[in-house]
1. Does the range 75-102 hold any residues that are among the small types (Gly, Ala, Ser), within 18 Å of THR60 (Cα to Cα) and in a helix (DSSP H, G or I), and which are they?
2. Tell me yes or no: at least one residue of the range 7-16 is modelled with pLDDT of 90 or more, among the hydroxyl-bearing types (Ser, Thr, Tyr) and not assigned by TED's automatic domain parsing to the domain that holds PRO129.
3. Consider VAL172 carefully, then state whether it is surrounded by 15 or more Cβ atoms within 10 Å (Cβ to Cβ), free of Cβ contacts under 8 Å to residues at least 60 places away in the same chain and over 17 Å from the mean Cα position of the chain (by Cα).
4. Out of ALA92, ALA122, I need the residue that is in the same structural domain as PRO184 (by TED's automatic domain parsing) and within 30 Å of GLN150 (Cβ to Cβ). Which one?
5. Give me the pairs: first residue in the range 57-76 and closer than 18 Å to ASN45 by Cβ and free of Cβ contacts under 8 Å to residues at least 40 places away in the same chain, second residue of a type in the set (D, E, K, R) and surrounded by 13 or more Cβ atoms within 10 Å (Cβ to Cβ), beta-carbon distance under 8 Å, and six or more apart or on different chains, which are they?
6. Taking only the range 113-127 into account, find how many residues are touching a residue at least 60 places away in the same chain (Cβ under 8 Å) and of a type in the set (Gly, Ala, Ser).
7. Being within 19 Å of VAL232 (Cα to Cα), free of Cβ contacts under 8 Å to residues at least 60 places away in the same chain and under 23 Å from the mean Cα position of the chain (by Cα) is the filter here; which residues of the range 132-169 pass it?
8. Select from the range 207-232 the residues that are hydrophobic (A, V, I, L, M, F, W, C), surrounded by 15 or more Cβ atoms within 10 Å (Cβ to Cβ) and under 23 Å from the mean Cα position of the chain (by Cα) and list them in ascending order.
Amino acid sequence: MSDKISSLSIKDWSQDDQPREKLRDKGKSALSDAELVAILIGSGNRDESAVALCKRILATVDHNLNKLGKLSIQQFMTFKGIGEAKAITIVAAMELGRRRRMAEVIERDKITSSKSVFDLMAPILGELPHEEFWIIYMNNSNKIIQKRQQSKGGITGTLVDVRLVLKTALEVGATSIILVHNHPSGTLIPSKADQQLTKKLKIASESLDIKVLDHVIITEKAYFSFADENMV
């Protein structure tokens, strides 16, 4: 493809090279990741087509869409041909994908296992560069009444106020709770502080007839369950 042709917007390409038309005629599953992103940006730069540019961008994240979704607007703008508007479009599309994943999980609003906790909370906590502590409040049927961020900390830890956790539980009428927090470091080994907090919350909750069913530590791709390991 010549420089003149490669720099044209998608609508000016030959029909065989147009990912928009390919999606229309063959369906979304027929397109590669690069072609789908190319539809978002519409055009490449003077030296490469939108698809070629998107292939190059994807190569920098090992063709991993989860890694692509972590790139900031500024990081996208380091690629020739990606200005602020295109960068914002890609970031917005990746965020929609993340929210869709969350919505699919929320539809299944009953906690049945530690895996269901991970499926619910991983889209929220899995990719964060800092630690957050959340509480899932449930009724007698283990249906979610509410999930709430209890605290937000740095890379190595966060603080939790036991009184506020139980105050909220009483306000919403919860009979059980699950503790959830992430480890940005990627380690799944619970710290001594994690174990002490779990024990502290369990003892305090029991006095109010509220059960601590689990404490789940989440990383981007895996989780650790205190309940699965008989630690709660």
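1. Within the range 75-102, ALA87 is the sole residue that qualifies.
2. no
3. Considered against the rule, which asks whether it is surrounded by 15 or more Cβ atoms within 10 Å (Cβ to Cβ), free of Cβ contacts under 8 Å to residues at least 60 places away in the same chain and over 17 Å from the mean Cα position of the chain (by Cα), VAL172 comes out as no.
4. Details: ALA92 fails: in the same structural domain as PRO184 (by TED's automatic domain parsing).
Being in the same structural domain as PRO184 (by TED's automatic domain parsing) and within 30 Å of GLN150 (Cβ to Cβ) holds for just one of ALA92, ALA122, which is ALA122.
5. Filtered contacts from the range 57-76: LEU58/ASP33; PHE76/LYS86.
6. 3
7. Matches in the range 132-169: PHE133, TRP134, ILE135, ILE136, TYR137, VAL160.
8. Taking the range 207-232 and keeping what is hydrophobic (A, V, I, L, M, F, W, C), we get 208, 210, 212-213, 216-218, 222, 224, 226-227, 231-232.
With the extra rule that they be surrounded by 15 or more Cβ atoms within 10 Å (Cβ to Cβ), the set shrinks to 210, 212-213, 216-218, 224, 226-227, 231-232.
Across the range 207-232, the qualifying residues are VAL216, ILE217, ILE218, PHE224, PHE226.
The values are calculated or read from the model by the stated rules, or taken from the named source; none is laboratory data. Bear in mind the structure is a predicted one, so any value in this text is a computation, not a measurement. Reconstructed Cβ throughout: ideal geometry from the backbone, glycine too, with neighbour counts over all protein chains shown.
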